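Notes follow the structure.
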Amino acid sequence: MTLEQFELRDQHLVLHPGKAIFWKEKKALLLADVHFGKVSHFRKNGIAVPQQVMYATYAKIHRLIQDFHVKRVIFLGDLFHSDYNDEWHKLGTFVKAHGKIKFELISGNHDILAQREYEKYNMLVRDEPYIDPPFVLTHHPLEEPIEPFYNLAGHIHPGIRLVGKANQSARLPCYYFGEKQGILPAFGKFTGLAIIKPKKVDTVFGIVDEKRIISFE
């Protein structure tokens with residue numbers, strides 16, 4: 001498996017091909033746009049998405065917590081896809097099963113559940129922007145920087161398009177790091193991609209699959 005070690009503002013970030021960042025100094029796992037509840041939402045509307053997709057997401061987060069000895073899990077918005085459904089209880093059970101971990105949510109546009117639902121499972125909800133030096137954590141990428149902090153965000157579901165010599169192309173989800181702002185790939189399934197056009201000074205890591213990352217520095 002490829003793990004990219006990326007230094008940013010004197011902090012050490014591990015970029016995982018599973019679309020998660022481990023922030024070493026804070027022992028924190030950063031995930032954007034998980035969209036729990038989307039499987040149940042699709043199934044309710046007659047779209048036959050297998051339940052295994054949901055359970056695979058939980059298993060993936062559990063492995064990341066175990067592999068990195070995580071103390072905090074920070075969701076950069078859009079944790080739950082829509083209104084309450086049975087999957088919220090499954091998420092709560094998962095959080096309770098990891099009682100030594102601090103689960104935090106930077107509220108996104110899909111996070112519309114009542115505050116009591118988060119409190120029920122001891123999940124800390126923060127409004128954006130949330131400053132955790134040297135970063136300012138948000139769901140929506142900031143339009144204007146908050147100096148001197150570097151913005152880490154989600155929401156965009158960034159992707160990069162590769163074009164071959166025979167004009168064949170491929171689209172990959174990616175991590176994007178600009179001068180003052182970085183955007184994480186969407187962790188959840190069925191989220192789509194927004195193709196970005198990085199500048200020469202930007203750093204991009206394309207995610208080939210669950211085991212490989214390639215750098216475009």
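The values are calculated or read from the model by the stated rules, or taken from the named source; none is laboratory data. Nothing here was measured: the structure is a model prediction, and the numbers come from that model. Please note: Cβ atoms are built from the backbone with ideal geometry, for glycine as well, and neighbour counts cover all protein chains shown.
Residue-wise test of (1) under 18 Å from the mean Cα position of the chain (by Cα); (2) more than 21 Å from Glu104 (Cβ to Cβ); (3) modelled with pLDDT of 95 or more.
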residue	(1), (2), (3)
Tyr121	no, no, no
His139	yes, no, yes
Ile146	no, no, yes
Asn151	yes, no, yes
Gln168	no, yes, no
Tyr175	yes, no, yes
Val204	yes, yes, yes
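For segment 114-136, the condition of being in contact with a Lys or Arg (Cβ under 6 Å, 6 or more places away or on another chain) and under 20 Å from Phe6 (Cβ atoms) holds for at least one residue. Taking each residue of segment 1-29 that is assigned to a loop (DSSP other than H, G, I, E, B) and looking for partners that are of a type in the set (Ser, Thr, Tyr) and crowded, with 19+ Cβ neighbours inside 10 Å with beta-carbon atoms closer than 8 Å, six or more apart or interchain, yields Arg9/Tyr150. Within segment 189-209, being in contact with a His (Cβ under 7 Å, 6 or more places away or on another chain), in a loop (DSSP other than H, G, I, E, B) and surrounded by fewer than 17 Cβ atoms within 10 Å (Cβ to Cβ) holds for one residue alone: Gly192.
At least 3 residues that are of a type outside the set (Asp, Glu) and over 22 Å from Phe80 (Cα atoms) in each: list the strands (runs of 3 or more DSSP E) lying fully within segment 102-176 that qualify. Can you show your working first?
Numbers: elements: 102-106, 124-126, 130-132, 135-137, 150-153, 158-163.
Qualifying strands (runs of 3 or more DSSP E): 158-163.
Consider segment 1-39 and keep the residues that are within 19 Å of Ile101 (Cα to Cα) and at pLDDT below 95. The one that is nearest to the chain's Cα centre (by Cα) is Val34.
Restricting segment 56-105 to residues that are of a type in the set (S, T, N, Q) and touching a residue at least 12 places away in the same chain (Cβ under 8 Å) leaves a set whose member that is surrounded by the most Cβ atoms within 10 Å (Cβ to Cβ) is Thr57.
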